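In what follows, a single structure is set out as structure tokens and then discussed.
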Amino acid sequence: MSTDSTSRPLCPMHRLDLPEPAPPRPATLATGTPVWLVTRYADVRQVLMDPRFDRSSLHAPDAPPLLVVPNLLDDPNGLVNMDGEPHQRLRGTVQRAFTPRAIARWRPWVASVVDVLLDDFAAQEQPADIIEGFTRPLPVSVICRLMGLDDLDRERIRHWADHALSGGAHTRDEVVAAMTEFGSFGARLIDERRKSPGDDLVSGLVAAGDGLEIDERQLVRLVCGLVVAGHETTMTALGNLVVYLLTDARDAWSGLAQDEETAAGAAEQLLRAVPLSEGRVLPGLIRRAVEETEVGGVTIPAGSVVAVQTNSASRDPDVFPPGPPDPFTPLSSPSVIFGAGPHHCLGAWLARLELGLALHRLAARFPDLRAEFTAETIEWREGQMTRSPRRLAVSW
């Protein structure tokens, strides 16, 4: 279920061969832990939504190892590893800030961030690196403004994020050291906002958490998780989408420039075509069966670890048309790219907003944007849970 990128040249993410949608079948994690791999759309939704498959039991004393090197997703105090009432109580402290209605209120200032970055990018000498000039700073700028962290060193955020979601690029000691530093930062930030609250997400979380008597460790992990998750996935997706759009899907470029609504719909289809990770299953998409359960005609014994592959499910021919997606055709079924059920990605609507605005305004501002790279010359950011280009030279 993991791939050895040193044994072959790396291809763009949209050209990856993924596990075929099929009934649940035995597989093995990089740790040697046996799992049931779930790849069909209906089966993936069942596992993600059925309370008989949970997260907290993955951290029980008898639970097998899931990660070779620990990371932020391996913390029992994290929101992603809680279930039931404790999960809903902690999630409730932040969920209202990420509803579609709340996100709609942020559109003007997200758009202003996009425009400022594009102004700066347009002034660069060509060819210019669109990763450092646009796709990387956009989601970082948005989450920093949302959380009131505009003065924070962006390189520190990058350092913490690279270690928080490390997939082998760093040693255990390096990850532990970075996460200890990150946790101390989160604790100090919470203390500062408790003493001097502002009009930002962290202040709101502290007030809500104190009102509900949320455990301080859980609050710290929630804040740290939002700093990382609030930009990492969007940054990775946007970089990979640019690769796809400037190579195999260049015909879609002018359509993205039409209007924001068209680009937002296209982003949904494009996310279905361009995975974030290689064959590996992301840790947040692993569950454990708390009782014997049938999935897709296969009996999953109690105590089994189950790994869902949402990228495969997004290409299930029983649900979605085979072949490359038409970006301008609405999805035929709800997306599972952001998960489903109680642990559906909190930031899904923010990611959608950023991606839709970014793609529309980039295409409208640079109608002749062209790649000064080929699939073979891309330098990839590896060793993380996800993979994305380090730099992409473009001209216009």
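From the square roots a ≥ b ≥ c of the eigenvalues of the alpha-carbon gyration tensor of region 198-325, which class results: rounded (a/c under 1.5), prolate (a/b over b/c), or oblate?
oblate
Compute the label zone of Asp326 within region 257-273: residues whose backbone N is under 14 Å from the point 7 Å along Cα-to-Cβ.
Zone members listed by number: 266, 269.
7 Å from Cα along Cα→Cβ at both Arg52 and Asp151: what's the point-to-point distance in nm?
Placing both labels 7 Å along Cα→Cβ, they lie 5.4 nm apart.
Over every pair of different alpha-carbon atoms in region 130-219, take the mean of 1/r and invert it; report that Kirkwood radius in Å. Walk me through the intermediate numbers first.
Numbers: mean 1/r = 0.0687 Å⁻¹.
Final number for the Kirkwood radius of region 130-219 is 14.6 Å.
Whenever you get a sec, compute what percent of the accessible area on the chain sits on carbon and sulfur atoms (1.4 Å probe).
51
So what are the radius of gyration and Dmax for the Cα set of region 287-396, in Å?
Here Rg and the maximum Cα pair distance are 19.0, 57 Å.
Provide the descending list of Cα extents for region 1-140 along its principal axes, expressed in whole angstroms.
Cα extents, longest axis first: 56, 45, 31 Å.
For region 117-127, what does the Karplus curve 6.51 cos²θ - 1.76 cosθ + 1.60, with θ = phi - 60°, yield as ³J(HN,Hα) per residue in whole Hz, taken in order and with x for Gly and Pro?
So the Karplus estimates, Gly and Pro as x, are 5, 5, 4, 5, 5, 4, 7, 6, 6, 8, x Hz.
Can you give the calculated 222 nm mean residue ellipticity of the chain, where each DSSP H run of n ≥ 4 adds -39,500 (n - 2.57) and the sum is split over every residue, rounded to the nearest 500 deg cm²/dmol? Kindly include the intermediate steps, with their values, before the conclusion.
On the way: 13 runs with 170 residues, N = 396.
It lands at -13500 deg cm²/dmol.
Within the chain, which is the longest segment that contains none of the GluC sites (Glu not before Pro) sitting in a DSSP loop with at most 16 other Cβ atoms within 10 Å?
Between exposed loop sites, the widest span is 1-124.
Determine the sum of side-chain charges near Phe53: Lys and Arg each +1, Asp and Glu each -1, restricted to other residues whose C-beta is under 9 angstrom from that of Phe53.
On the way: positive: Arg52, Arg55, Arg287, Arg288; negative: Asp50, Asp54.
That sum, taken over residues with Cβ under 9 Å, equals +2.
Compute the signed sum of charges (Lys and Arg +1, Asp and Glu -1) over the other residues within less than 15 Å, Cβ to Cβ, of Cys224.
Working: positive: Arg156, Arg158, Arg188, Arg193, Arg217, Arg221; negative: Asp74, Asp75, Asp162, Glu181, Asp191, Glu192, Asp215, Glu216, Glu232.
Result for the local shell: -3.
When the dipole is taken about the Cα centre of region 244-367, and only Lys, Arg (+1) and Asp, Glu (-1) are charged at their Cβ, what size is it in debye, to the nearest 20?
Computed about the Cα centre, the dipole is about 360 debye.
Return the sequence-ordered ³J(HN,Hα) values of region 88-105 in whole Hz as given by the Karplus equation 6.51 cos²θ - 1.76 cosθ + 1.60 applied to θ = phi - 60°, using x for Gly and Pro.
For region 88-105, the Karplus-derived couplings read 5, 5, 6, 4, x, 5, 10, 4, 4, 6, 10, 6, x, 5, 5, 5, 4, 5 Hz, x marking Gly and Pro.
Excluding Arg365 itself, what net charge comes from residues whose Cβ is under 11 Å from its Cβ, given Lys and Arg +1 and Asp and Glu -1?
Net charge around Arg365: -2.
Once the principal axes of the Cα atoms of the chain are found, what is the range along each, listed largest first in whole angstroms?
Cα extents, longest axis first: 57, 54, 40 Å.
About the Cα centre of the chain, what is the dipole size in debye to 20, counting +1 per Lys and Arg Cβ and -1 per Asp and Glu Cβ, all else neutral?
So the dipole magnitude of the chain works out to roughly 340 debye.
Tell me, in nm to one decimal, what length is gained between Trp380 and Arg89 on full extension, where the rule is 0.36 nm per residue of separation less the Cα-Cα distance? Please report the intermediate quantities before stating the final value.
Details: separation 291, 0.36 × 291 = 104.76 nm, distance 3.89 nm.
Length gained, Trp380 through Arg89: 100.9 nm.
With the radius of gyration and the Kirkwood radius both derived from the Cα set of region 171-220, what is their ratio Rg to Rh?
In region 171-220, Rg relative to Rh is 1.08.
Could you give the nm distance between label points at Arg15 and Arg250, where each point is 7 Å from its Cα heading toward the beta carbon?
Here the modelled spin labels are 1.4 nm apart.
Taking just the alpha carbons, could you work out the radius of gyration and Dmax for region 126-281, both in angstroms?
In order Rg, Dmax, the Cα atoms of region 126-281 give 18.2, 54 Å.
Throw me the Rg/Rh for region 197-236, computed over C-alpha atoms with Kirkwood Rh, two decimals.
Result: Rg/Rh = 1.05.
The values are calculated or read from the model by the stated rules, or taken from the named source; none is laboratory data. Computed from a predicted structure; not experimentally measured. Backbone-built Cβ (ideal geometry, glycine too); neighbour counts: all protein chains shown. To get the accessible areas, we keep the full protein, side chains included, count just its heavy atoms, and leave off ligands, DNA and RNA. Shrake-Rupley method; radii C 1.70, N 1.55, O 1.52, S 1.80 Å.
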